[in-house]
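The values are calculated or read from the model by the stated rules, or taken from the named source; none is laboratory data. Quantities reported herein were computed from a predicted structural model and do not represent experimental measurements. Using ideal geometry, Cβ is built from the backbone for each residue, glycine included, and neighbour counts are taken over all protein chains shown.
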Amino acid sequence: MNLIYYIAFALTFFLLAALLLAPVILRPSPAARRMLEMAQSTRPDVRSVGYKERIQRTILSMATALQARLGLTEDEKVKQQLLSAGIKSSRSMNAYAASRFIGPVIGLVCGSLIRSNTVFWALSLGAVLYLVPDMWLRMKIKKRRERIRKSLPDALDLLVICVEAGLGLDQAMLRVGQELIISHPDIHQEFMQVNLEQLAGKPRLEAWKSAADRTKIPEFSLFVSMLTQADRFGTPIVRALSRFGDEIRLKRRQRAEEMAAKTKIKILFPLVLFIFPCIFIVLLAPAILNIAKNMQSFK
């Protein structure tokens, strides 16, 4: 009876996983989607659809309906977090949404195979595997924000040089984004995204605000606010960028000094736990051995 139960459970899990991953596996390539969009016509479709294509279309529709019913693809907050982490492809978003559902199921299955404390292990592994994608996403967001924060002073210096050379602000941001593609790819993605949004017809101020909402970095938000005020009130952009670059570098220097001051406190813990015991062993061990040897001679 237990064998039949496990086989049925494994089959159910396999089918659910296949339905959730179907939009990722069976999704056509960007080139194929582009060709389909170009080949679309208002004429009635009289072509014969093959059996394989009908099955693929049915599986995709079922998988999309299942993900929408489970609420794995409609969470705007998760989409914003993925964009903040630099994940923009729909395939990666679907994979992340599927992992949030498949992980707990795998944990429950693995926990049910443990004979002792089955309920505890099943719930614990399910909860851990449910939290793993979120922890990975938060870590990725934190690292990307730190990289953008470190690359912002260099981008400001290049912006000042480009604007002083006679380029407009939009052209300067585009040029800076192209120049930083190797050294600072994250700030390159943000600048190029702003340029693409403006080419699509989005107003300049809204495109900058969208970039600030994606990154959620105080320095980048101040940078966007400075650009907005300079655009509205006609402030000379070169002077504003130069002053803001000096402020950003001063903050970075102060942050480095703060981290250096914290190391004096942080180093106490390894000193007390690891270094001092070794020093005591080296200094006191010979004396303790000599005392023990002398005590044995009195007997």
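Run down Ile217, Ile275 and say which single residue is β-branched (Val, Ile, Thr) and in the same structural domain as Gln189 (by TED's automatic domain parsing). Steps first, answer last, please.
On the way: Ile275 fails: in the same structural domain as Gln189 (by TED's automatic domain parsing).
Result: Ile217 is the single residue among Ile217, Ile275 that is β-branched (Val, Ile, Thr) and in the same structural domain as Gln189 (by TED's automatic domain parsing).
Just for region 235-267: of the residues that are in a loop (DSSP other than H, G, I, E, B) and not polar (S, T, N, Q), which one is farthest from the chain's Cα centre (by Cα)? First the steps, then the outcome.
So in region 235-267, the residues in a loop (DSSP other than H, G, I, E, B) come out as 235-236, 267.
Among the residues that remain, those that are also not polar (S, T, N, Q) are: 236, 267.
On the way: Pro236: 36, Ile267: 31 Å.
Going through the qualifying residues, I end up with Pro236.
On the basis of being free of Cβ contacts under 8 Å to residues at least 40 places away in the same chain and not basic (Lys, Arg), does Phe191 make the cut? I'd like the intermediate steps shown before the answer.
Values: free of Cβ contacts under 8 Å to residues at least 40 places away in the same chain: yes; not basic (Lys, Arg): yes.
Considered against the rule, which asks whether it is free of Cβ contacts under 8 Å to residues at least 40 places away in the same chain and not basic (Lys, Arg), Phe191 comes out as yes.
With respect to Asn290, determine if the residue is over 30 Å from Asp154 (Cβ atoms) and surrounded by 10 or more Cβ atoms within 10 Å (Cβ to Cβ).
Numbers: over 30 Å from Asp154 (Cβ atoms): yes; surrounded by 10 or more Cβ atoms within 10 Å (Cβ to Cβ): yes.
Here the answer is yes, as Asn290 does meet what is asked.
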Lone qualifier among Asp186, Asp170 - being closer than 22 Å to Leu222 by Cα and in contact (Cβ under 8 Å) with a residue 60 or more places away in the chain: Asp186
Per-region count, region 171-199, residues in contact with a Lys or Arg (Cβ under 8 Å, 6 or more places away or on another chain) and farther than 17 Å from Ile148 by Cβ: 1
Leu159, sole failed condition from (1) under 19 Å from the mean Cα position of the chain (by Cα); (2) touching a residue at least 40 places away in the same chain (Cβ under 8 Å): (1)
Residue that is assigned by TED's automatic domain parsing to the domain that holds His188, closer than 30 Å to Ile182 by Cβ, touching an Asp or Glu at 6+ places or on another chain (Cβ under 6 Å) and of a type in the set (A, V, I, L, M), where the choices are Leu167, Leu152, Leu156: Leu152
